[in-house]
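Peer 1: Pasting a structure here, questions to come.
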Amino acid sequence: MYGNDFAATGDAGVPASDVAATSAGRTLLEQVEDAERELRSASERSVVGDDRLQDYFDAVINADQKIEPRDWMPDPYRLGLIRQIAQHAHSEIIGMQPEGNWISRAPSLKRKAILLAKVQDEAGHGLYLYAAAETLGVSRSDLVDQLLTGRQKYSSIFNYPTLTWADVGTIGWLVDGAAIVNQVPLCRCSYGPYARAMIRICKEESFHQRQGFEILHTLAHGTPAQRAMAQDAVNRWWYPSLAMFGPPDTASTHSEQSMTWKIKRFSNDELRQRFVDMCVQQATVLGLSLPDPDLRWNAERDHYDFTQPDFHELMRVISGDGPCNRQRLEHRRRAHEEGAWVREAAAAYAAKRAAREPAGV
Amino acid sequence: MTSVDYVLGLGDDALVAAQRLAQWCARAPELEEDVALANIALDQLGAARLLLTYAGELEGAGRDEDALAYLRGDREYRNCLLVELPEPDFAVTMAKLLFLSAYQKLRYEWLAAAGDERLSAVADKARKESAYHLDHASLWTVRLGDGTPESHRRMQDAVDRLWPYTHELFEGDHAALRPQWLSLVTAVLDEATLTRPADGGWAPGGGRQGLHTEHLSYLLAELQVLHRAHPGARW
Amino acid sequence: MRPRRGLAHTHVGSLHAPDAELALRNARDLYTRRQEGVSIWVVPAASIVASSPDEKDAFFDPAADKVYRHPTFYEVPEGAGHI
């Protein structure tokens, strides 16, 4: 899962077409399937462009076709994608920690199995994304190094602690929910390997949000203590989830190019609004309240009005002063360092075997 | 008639193994290994659930898988000591998995052909999973044993430390399985350039009777803390 | 990956592994968590020889004008069956 909340200079928005209109009446999973169909049909369109590389690249983008690894691409396109895909991959990997924190204490064996499968999926998604980034000419070890040395970020949401079991449900409902709203448009991203990885990830993640919702629904309809646990978790995670969409569009810096290249398709504020509109109805079904006294329907706008998250807090967390930034990175570094002897052993064994076996066998 | 304790022994082995393996999630030496160990933990957990459910039915006291997993103390657990031992490094985890999966594979194969229909259905599924776990543990045992001097030392140390606990696996009725188990395990240790520890000497046991190491109580405290804090709650 | 019996293998993704045996296992663990396949091949990336985008025109354009290779090029007289 992933947000748009890692860079102090946000990818925010130029005005784009109305999100709700584009996706009218389609569930998120249907939108993923639409993107997959579109990827297939775009591949059947021919691209008319002359032989100059830049023109051909532009023509492919304009035809809504996909750029593939060995195609020529402008350096900023390549570098921007590497950064975005890497940060997305890091988010999947660091994101294993807050939920992984509850695997050993999950309150039933069924919940333990579901949570373990979910956290395992995050590792898998990190791997798909590192592989997509590698098609752009970087190595995974370089990217991991950039994460461990703090030069590349991950989604800031994972710098908040999971204090109770209800946090696991709330992460599924709100954090995965926000991630899906962010990720679904990426299934149509112009870079083929990234778009294909996102389609696979979004399909696999479709169970993640539902399991979170189910946990919360059960808690909200359980004992008074369970219900209080659920409401407390929603209160703590609501605004950080809204912050996952990144800074407001007015603080936008470098996203116009990202839009033109069809990497990003909707602005931060559009996606945030869409998320709020979805959550209000779902909160009603849960019987839990969202901690915003100013949340109300605005018939003129055809959207809910809501209180913006504290963007100063987001900036503090991004810059390293969230509750768990140090803990998350230390954990990752320790796992990496403690595993070094194992990786060295596997490499040494492979080398010995290659030396023993004649080439070509 | 299959005894409740017999099925609990199988189920508790799987549950405690799953709990230990899941501790690797987000801290394995490679991301690929995070995924692999989680798969194995999920297999063990799945088998544990089926077995505990069946044990509850045999007992006939209305206890389901969760009542058995979350509301028994360590003195009522019937797992072998091997699975509850802490896993301070990856070599210990692989040695445990090698010994355990070779044993589980043989036991499940035997049970799949034995008379209890419910148990043989579970065993028929689980034996394929155990075969994969054995394959995974074997590949890593060989790589660590025949890798670098450090990995060889760690792997040999893990094998030496865990070896005494393998005798408990073959107490009573299962003594006949040990020769087959030895041949599975010895082949892997040989390929890994590791020395098989000598038999004889210290052979700790008692797990099947509920006499465990000090480690199990801590493991269960963590596993059960939330469930026990909310008596009667649904999750 | 062969998704089901009777279908051809298709590319599903990349992975890292120190050697071939582990590569196969990693592929199984990473790409078949939801019963996506019944058979897996792994190939070291270095062993793949690929056509280059620069050669695209020379490689693939010459086939464009050979419409007579497609059955739709031919007119079938009214009434002719089984053709």
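Bear in mind that the values in this text are calculations on the coordinates, not laboratory data. Just so we're clear, the structure is a prediction, and the values are computed from it rather than from any experiment. Glycine gets a Cβ as well: all are built from the backbone with ideal geometry, and neighbour counts include every protein chain shown.
Peer 1: Specify which residue in the list C:VAL67, A:GLY124, C:ASN26 is farthest towards the positive end of the charge dipole of the protein assembly as shown, using unit charges on the beta carbon of Lys, Arg (+1) and Asp, Glu (-1), about the Cα centre.
Peer 2: The listed residue farthest towards the positive side: C:ASN26.
Peer 1: A follow-up question, please. Within 14 Å, Cβ to Cβ, of A:GLU330, how many net charges do the neighbouring residues add up to if Lys/Arg are +1 and Asp/Glu are -1? Can you show the working numbers first?
Peer 2: On the way: positive: A:ARG326, A:ARG328, A:ARG332, A:ARG333, A:ARG334, B:ARG27; negative: A:GLU337, A:GLU338.
Charge balance near A:GLU330 sits at +4.
Peer 1: Now, a different point. If each residue's Cβ is checked for other Cβ atoms within 10 Å, how do A:ARG105, B:ARG107 rank with the fewest at the top?
Peer 2: With the fewest neighbours first, A:ARG105, B:ARG107 line up as A:ARG105, B:ARG107.
Peer 1: Starting with the highest mean, order B:186-195, C:2-11 by the number of other Cβ atoms within 10 Å, averaged over the residues of each peptide.
Peer 2: Values: B:186-195: 16.5, C:2-11: 10.3.
The packing order, highest mean first, is B:186-195, C:2-11.
Peer 1: Name the residue, out of A:ASP302, A:ASP55, A:ASP167, whose mean-square fluctuation peaks in a Gaussian network model built on chain A with Cα pairs under 10 Å.
Peer 2: Its mean-square fluctuation being the largest, the pick is A:ASP302.
Peer 1: What dipole magnitude, in Debye to the nearest 20, does the range B:4-229 give about its Cα centre under +1 on Lys/Arg Cβ and -1 on Asp/Glu Cβ? Walk me through the numbers on the way to the answer.
Peer 2: Numbers: 22 positive and 36 negative charges, 29 e Å.
Approximately 140 debye in magnitude.
Peer 1: Hey, in the GNM for chain B with a 10 angstrom Cα cutoff, which one of B:ALA95, B:ALA198, B:ALA113 fluctuates hardest?
Peer 2: Of the options given, B:ALA198 has the highest mean-square fluctuation.
Peer 1: Within 10 Å of each residue's Cβ, count the other Cβ atoms and sort A:PHE6, A:PHE207 from fewest upward. Don't skip to the end; give the middle numbers.
Peer 2: Details: A:PHE6 24, A:PHE207 17.
Going from least to most buried by this count: A:PHE207, A:PHE6.
Peer 1: Give me the Å³ per residue figure for the convex hull around the C-alpha atoms of the protein assembly as shown.
Peer 2: On the way: hull volume 145.3 nm³, N = 679.
Taking the convex hull of the Cα positions in the protein assembly as shown, it is 214 Å³ per residue.
Peer 1: Which of the residue pairs A:LYS66/C:LYS56; A:LYS118/B:LYS128; A:LYS118/A:LYS262; A:LYS66/A:LYS153; B:LYS105/B:LYS125; A:LYS118/A:LYS203 have a Cα-Cα distance greater than 19 Å in the structure shown?
Peer 2: A:LYS118/B:LYS128; A:LYS118/A:LYS262; A:LYS66/A:LYS153
Peer 1: Can you put A:TYR154, A:TYR304, B:TYR54 in order of Cβ neighbours within 10 angstrom, beginning with the fewest?
Peer 2: Numbers: A:TYR154 26, A:TYR304 19, B:TYR54 22.
Lowest to highest Cβ neighbour count: A:TYR304, B:TYR54, A:TYR154.
Peer 1: Moving on to the next point. Using r as the Cβ-Cβ distance of A:THR149 and A:ARG52, and R0 as 45 Å, what FRET efficiency do you calculate, to the nearest 0.05? List each step's numbers first, then the result.
Peer 2: On the way: r = 39 Å, r/R0 = 0.87.
My answer for the efficiency is 0.70.
Peer 1: Suppose each label sits 7 Å from its Cα in the direction of the beta carbon; what would the C:ARG5-B:ALA203 distance come out to in nanometres?
Peer 2: 4.6
Peer 1: Taking springs between alpha-carbon atoms closer than 10 angstrom, which of A:ARG200, A:ARG301, A:ARG83 fluctuates most in the Gaussian network model of chain A?
Peer 2: A:ARG301
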